[in-house]
Amino acid sequence: MRPCTEMRCLRVRPARRLHGRLRVPGDKSISHRAVILGGIAEGETRIEGFLGADDCLRTARAMHEMGVGIEGLPSESLRVRGVGLRGLRRPGRALDMGNSGTGMRLLLGLVAGQGFEATLTGDESLSRRPMDRIALPLGQMGARVSGRGEKVLPPVTVHGGDLRGIAYRLPMASAQVKSAILLAGLNAVGPTTVIEPARSRDHTERMLRAMGADLEADDLTITLTPGQPLAAQNVSVPADFSSAAFFLVAALLVPESEVVLEQVLLNPTRAALLEVLQEMGADVQVAGRREVAGEEVGDIIASSCHLHATEAAGAMIPRLIDEVPLLAVAATQAEGVAIIRDAAELRVKESDRLAAMAEGLAAMSARIEELPDGLIITGPSSLRGATVSSHGDHRVAMALAIAGLVAEGETVIEDTDCIATSFPGFAERLRGLGADCIEEE
Ligand code: S3P
């Protein structure tokens with residue numbers, strides 16, 4: 001056995017069969033928003049199912065640093081005492097957002113509407129991620145956002161102040177940018193309109209409306225008219241579709257498997273992977289669909305099956321943006337040529353996910369080709385275990401671990417501390433289904 005050097009790594013061996021029921025932790029996007037919007041609401045917001053992973057804990061701590069009382073950290077049940085729309089106070093130090101692009105971008109929008117200045121920092125990966133996409137619209141609204149170079153890289157300082165509402169056409173389908181503008185718009189003079197090129201996740205809009213904001217959404221156009229205080233609401237966070245997706249694909253690929261994933265978020269702006277997998281012939285069913293706190297949830301039942309290749313492109317991509325690495329893994333086991341296009345946004349995530357997946361899966365003997373905005377994968381391939389890098393990216397790490405379940409021999413994924421940013425307990429849960437995977441220092 002080759003020793004794992006320096007960083008934590010995950011060793012995965014081929015799985016014979018995966019079987020069981022489980023509930024994955026709470027949704028990351030909804031957890032961020034619950035603690036942010038709860039923090040500026042009037043009254044106490046109780047959050048159940050909060051994701052106690054590093055990304056969301058950073059956002060919660062940043063809100064606390066700006067004067068919001070939060071009880072229960074780092075558990076799943078939080079009480080957030082809202083300070084009102086303009087009640088935040090200047091933080092005593094820079095807000096360290098760790099690896100979290102969502103945390104940083106949403107908070108830049110939030111602080112823009114407050115009468116103070118704040119600096120937000122992040123880890124090495126976050127420090128490479130562009131904030132110009134936020135600086136530009138917030139600048140048009142009257143805030144000043146400065147960072148390093150043309151791309152406004154972190155550390156970023158935002159000078160909040162008197163904002164005016166704008167109409168802004170998003171150059172990319174990004175829920176982070178959309179949400180930052182809407183959060184700033186809460187404290188602007190006049191309405192703010194955001195027009196998306198394709199629908200991105202709509203949790204901010206749903207939660208704002210549930211808290212009493214005057215928000216209208218008509219297909220790709222969202223208009224927020226400020227003036228209403230937000231009323232605290234209890235939020236029950238469903239299980240994260242993006243986390244459940246790893247086990248769902250694992251069950252499809254590993255022979256003789258059946259896995260049930262309980263109470264998973266099925267919001268249509270998030271769950272397009274289900275549509276693509278069904279098109280590929282996947283044996284996936286959804287039972288007990290219902291609405292919980294304004295979001296659709298249900299149990300996903302996935303069994304091993306034969307897959308055939310398909311194409312994923314266009315308006316569907318934003319609705320499965322975080323699942324593309326995993327879709328690439330599924331495509332290695334599907335018959336035919338799978339094409340993923342219009343996914344250039346993946347190059348500016350926690351890592352360049354197109355490059356990272358092409359590198360990792362090629363090292364495991366997949367037939368994979370990188371396009372400027374996607375991947376071409378020819379399957380099925382007999383994957384072979386290899387030592388591969390996560391590139392410090394949680395979704396790359398977990399997607400490669402799923403590939404390792406169907407590879408011959410041992411797969412070692414290096415640098416897997418990052419998994420804790422979104423899914424603490426991932427390896428343990430995979431073992432619970434019958435997989436042979438161990439974490440090593
Ligand atoms: C998120 C939006 C997406 C997604 C990220 C979470 C959010 O990013 O990739 O994991 O919670 O708003 P973009 O807005 O950059 O597409």
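Taking a ≥ b ≥ c as the square roots of the Cα gyration tensor eigenvalues, with a/c under 1.5 meaning rounded and otherwise prolate when a/b beats b/c, else oblate, which class fits the stretch 1-134?
oblate
Would you calculate, for the chain, the mean residue ellipticity at 222 nm contributed by helices, counting each DSSP H stretch of 4 or more residues as -39,500 (n - 2.57) and dividing by all residues, to the nearest 500?
About -8500 deg cm²/dmol.
Using a 7 Å offset from the Cα along the Cα-to-Cβ direction at both residue 42 and residue 387, what is the distance between the two label points in nm, to one decimal?
Distance between the two pseudo-spin positions: 6.1 nm.
Rounded to the nearest 10 degrees, what's the angle between the helix 353-363 long axis and the longest principal axis of the chain, both from Cα atoms, 0 to 90?
10 degrees
Calculate the FRET efficiency for residue 408 and residue 132 from the Cβ-Cβ distance with a Förster distance of 51 Å, rounded to the nearest 0.05.
In this case the efficiency is close to 0.70.
Rounded to a whole number of µm²/s, how large is the Stokes-Einstein D of the stretch 28-236 at 37 °C and 0.692 mPa s, given Rh as the Kirkwood radius over C-alpha pairs?
199 µm²/s
Determine the sum of side-chain charges near residue 181: Lys and Arg each +1, Asp and Glu each -1, restricted to other residues whose C-beta is under 12 angstrom from that of residue 181.
Around residue 181, the surrounding residues sum to +2.
Along the Cα-to-C-beta direction of residue 116, a point sits 7 Å from the Cα; which residues of the stretch 46-68 have their amide N less than 18 Å from that point?
59-68
Using bins 5 angstrom wide from zero, how does P(r) for the stretch 62-101 break down, in % of all Cα pairs?
In order of increasing distance, the bins hold 6, 21, 23, 24, 23, 3 percent.
If the only charges are +1 at each Lys and Arg Cβ and -1 at each Asp and Glu Cβ, what is the size of the charge dipole of the stretch 212-359 around the Cα centre, to the nearest 20 debye?
Result for the stretch 212-359 is approximately 180 debye, rounded to the nearest 20.
Let me check I have the definition right: for the stretch 256-384, take the eigenvalues of the Cα gyration tensor, multiply each by 5, take square roots. What are those semi-axes in whole Å, largest first?
So the equivalent ellipsoid measures 26, 18, 12 Å along its semi-axes.
Would you please state which residues of the stretch 312-333 a label at residue 22 would reach in this model, taking the label point 7 Å out along Cα→Cβ and a backbone N cut-off of under 15 Å?
none
Excluding residue 45 itself, calculate the net charge of residues whose Cβ lies under 9 Å from the Cβ of residue 45, where each Lys or Arg counts +1 and each Asp or Glu counts -1.
Computed value for this residue: +2.
Compactness ratio of the chain: Cα Rg over 2.2 N^0.38 Å, N = residue count?
So the Cα radius of gyration is 0.95 times the expected 2.2 N^0.38 Å.
Given the options 110, 203, 142, identify the residue whose Cα lies farthest towards the positive end of the charge dipole of the stretch 28-236 (+1 on Cβ of Lys, Arg; -1 on Cβ of Asp, Glu).
Sorting the options by dipole projection puts first 142.
Given R₀ = 30 Å, what would the calculated FRET efficiency be for residue 94 paired with residue 355, taking r from the Cβ atoms and rounding to 0.05?
The computed FRET efficiency comes out at 0.50.
Between the alpha-carbon centers of the stretch 251-326 and the stretch 172-197, tell me the distance in whole angstrom.
Cα centroid to Cα centroid, the span is 29 Å.
Round to the nearest 0.05 the FRET efficiency obtained for residue 278 and residue 79 when R0 = 51 Å and r is the Cβ-Cβ distance.
0.80
Can you tell me what the convex hull of the Cα atoms of the stretch 121-164 projects to on average, as an area in nm²?
2.7 nm²
Once the other residues with Cβ under 13 Å from the Cβ of residue 384 are scored (Lys, Arg +1; Asp, Glu -1), what is the net sum?
Here the count lands on 0.
Since every read-out is calculated from the coordinates, none of them should be taken as a lab result. In this text the structure is predicted, and so the values were computed from the model without any measurement. Reconstructed Cβ throughout: ideal geometry from the backbone, glycine too, with neighbour counts over all protein chains shown.
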